[in-house]
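Step one of this worksheet: look at the structure below.
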Amino acid sequence: MLQVRVIAAAIAVPLFTQADEPKPFHFAHDISPLLVKQACASAECHGAATGQAGFKLSLFAMNPAADYAALTQDLDGRRIDLAKPESSLLLRKPTRQIKHKGGRIFKKDSADYESLLGWIQRGAAFTENEPGRLAKLRLEPRDGGFSAVAEYRLATRTATRDVTRLTVFSSTDETVALVHDDGSVTKRAPGEAWIIARYAGHNARAVIRRSFNEGPPDESPPTHPLDSAWLAGLKSLGLRSSAEADAFVLARRVHIDLAGRPPTPDELDDFLALPPARRLAKTADRLMRTEEFAEVFADHYRRWLELPEARGEKNAEKPSNTKLRHYLLESVRQNKPLPQLARDILGSSAAGEFVTRHNDPRDRAEYVGRTLLGLSIACARCHDHPMDRWQQHEHLAFSAYFADARPNPEGGMMAGKLFLPSTGKAVQPALLQLNPAAPPTPQRRPGNELAWSILGGGHDQFGRNVANRFFGILVGKHLVDAPDDHRLSNPAIHGALLDALVQKFERTDGDLRKLIRTIVTSRVYALASEPGEGRTLETDPAARYLARREARPLTPAQFMRAVESVLGVALQHEPPPESPLARQLYVLNSGLIQGGLAKPGNSVAAIGDFVIEPAQQLRELYRLVLSRDPRPGEADAFLPTLQKQGATGLGDLAFALIAGREFGSLR
């Protein structure tokens, strides 16, 4: 079954022109999009920083006025021949009537040629006949694909126009659906793909879903709000979810996620003794009261807020960075609401150094966009963002909010100013318009006004950013990936699941622990990581659409904590590298595990000292290292070694288990 969903509001509007009316024209609506679609304004062609062959266009034709001047006025207007339009260089080069390094762009009898020719014949004006303001772009389904329809605001009405020919189309997943230049779609495989349309600085999208046809789910009705949204998404794709992971896997998973280490044998027994429906909730509540939890999530905060680690990174030991790391640790200990954390960062307290450690106001603006909103606005520093709504003037105006304060004539300090390098003129600060339909910004002090725009402002972007980040930390897959790239052309998988998580986050006033509890008590958190029957890891689509978990390697910090916890000794080694091959070589050859096993009083040695029976030694070792009982085949393989070699065999087996893939992974 094929599903098509269009993200736009379909409204009845009159035709763009009546039959007897002159046709409106705007260079930005009729010529610029043509230059974009034919790649003339790309970075590889005339949109390059210095242009090509003496002819420069703005990148992605984002500056129509400059491009119009380049076409009609540069070099005395030699590219346009008003007396003999057919002889214009603008037509002769792309049709390869004369030499053109870019090859032939279109044919002489094509619609693009006729559009350019007609424009020149009419006098090559910038606008004609009151074209109106381009308000938005939408996609409308048609047989075999989509039409792109632009909406314009005129003086007395709204008008529409089919701009499919001038629209650039792309697919978020060409293995599922391939979209062609004319908006037609070739469906290739089951799954979900978003069709993205781009025209004159506006974007629109529509989703295509093809069912995997795995049959109806055989699950009981969900009671958890996240599970309701998640299962509805799987149903729309015709996917069945994997089974829940076994209790041993869940015990190890929740302890590593929340405490940064595997459970002790006693904690494992306590987990297994709980009623199955309460295991994750009870264990999460206990772990979130520990100092280990505070340390683990302070480190997640550090990564989120791009603060150097305590060791091994540039500027890590600067006193200011040490204070900021302590601030994060105290924030988790005190369960400071995440919106308050953001207010501190945006304010004038010591936490403001998260922002002010960046010297350039533009870097500060981009940092706030990335970390607090999950938005990548850096493209707009140099040019309007081609795949999002941010424009260069918005980037500059937002950056002006972060200019350093300066002395005023009375001896105090006043708001800083950002000056345009090109003109020396001061930039007027303006907030990002995250929701243009929101009420006006309340009149507050500049710092409060900024915080209001980030945390309120009639939008939920801060909540979406935070919810997405911590879901990815706990489940191993972000709903929006990358987490700092929320935009129209990068939609979430299971968007309704993210919506449900954001609603929970906002109802709890941004409480971190309640957000975590919501995630770890859901079925999507408890999924097994093994592929379904008849599937392999390479061909299984379930992990991609969150129908099962994906096993993932422990982070270097998690691995070090796990080794120290299992052996019960402190280790002086550096954490292992991120690279899988480098990590394996490090684990085998660095002496990390061997040194821990050689320390007196380590936990493995204690098993040999206090447990007599080899079978019980094997069980205790497996529970200590892998948080599970040995399987029958493992017992058959390793018991003879323990019976024959005693303590030496126990140490060798412990080394093999700790250095193995299962210990180094979170399933």
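Counting only residues 5 or more places away or on other chains, whose amide H sits under 5 Å from the amide H of residue 203 once H atoms are built in the peptide plane?
For residue 203, whose amide H was placed from the backbone, the distant partners under 5 Å are 137.
What is the distance, in nm, between label points placed 7 Å from the Cα along the Cα-to-Cβ direction at residue 147 and at residue 598?
7.8 nm
Using 11 Å as the cut-off for backbone N distance, which residues of the range 472-516 belong to the label zone defined by a point 7 Å from the Cα of residue 552 along Cα→Cβ?
Residues 472-479, 483 fall inside that zone.
Here are some pairs, 282/336; 84/108; 235/504; which of them have Cα atoms lying more than 18 Å apart in this structure?
Pairs exceeding the cut-off: 282/336; 235/504.
Take 348, 42 and order them by how many other Cβ atoms sit within 10 Å, fewest up front.
Placing the least packed residue first, the sequence is 348, 42.
Contact order normalised by length for the chain, with contacts defined as Cα pairs under 8 Å and 6 or more residues apart; what percent is it?
Computed value for the chain: 11 percent relative contact order.
Residue by residue through the range 362-371, what is 3J(HN,Hα) from phi via Karplus (6.51 cos²θ - 1.76 cosθ + 1.60, θ = phi - 60°)? Round to whole Hz and write x for glycine and proline.
5, 5, 5, 4, 5, 4, 4, x, 5, 7
Please turn the phi angles of the range 550-559 into ³J(HN,Hα) values with the Karplus equation 6.51 cos²θ - 1.76 cosθ + 1.60 (θ = phi - 60°), one per residue in order, whole Hz, x for glycine and proline.
10, 5, 9, x, 4, 5, x, 5, 5, 5
Expressed as a whole number of Å, what is the distance separating the alpha-carbon centroids of the range 318-376 and the range 117-149?
One Cα centre to the other: 45 Å.
Residue 665's amide H: which non-local residues (gap 5+, or another chain) put their own amide H closer than 5 Å, with H modeled 1.01 Å from N in plane and none for Pro or chain starts?
Long-range HN contacts for residue 665: 554.
Under a point spin-label approximation (7 Å from Cα along Cα-to-Cβ), what is the residue 49-residue 244 distance to one decimal in nm?
5.7 nm
In what sequence do 271, 106 fall when counting other Cβ within 10 Å, fewest first?
106, 271
How far is it, in nm, from the label point at residue 425 to the one at residue 99 when both lie 7 Å from their Cα along the line to the Cβ?
So the label points at residue 425 and residue 99 sit 4.2 nm apart.
Which of 174, 578, 410 has the fewest other C-beta atoms within 10 Å, and how do the rest follow up to the most?
Neighbour counts put them in this order, fewest first: 410, 578, 174.
Taking a ≥ b ≥ c as the square roots of the eigenvalues of the Cα gyration tensor of the range 25-128, is the shape rounded (a/c under 1.5), prolate (a/b larger than b/c) or oblate?
The shape class here is rounded.
All of the numbers you see were taken from the coordinates with simple rules; none came from a lab. Nothing here was measured: the structure is a model prediction, and the numbers come from that model. Note: ideal-geometry Cβ built from the backbone for every residue, glycine included; neighbour counts use all protein chains shown.
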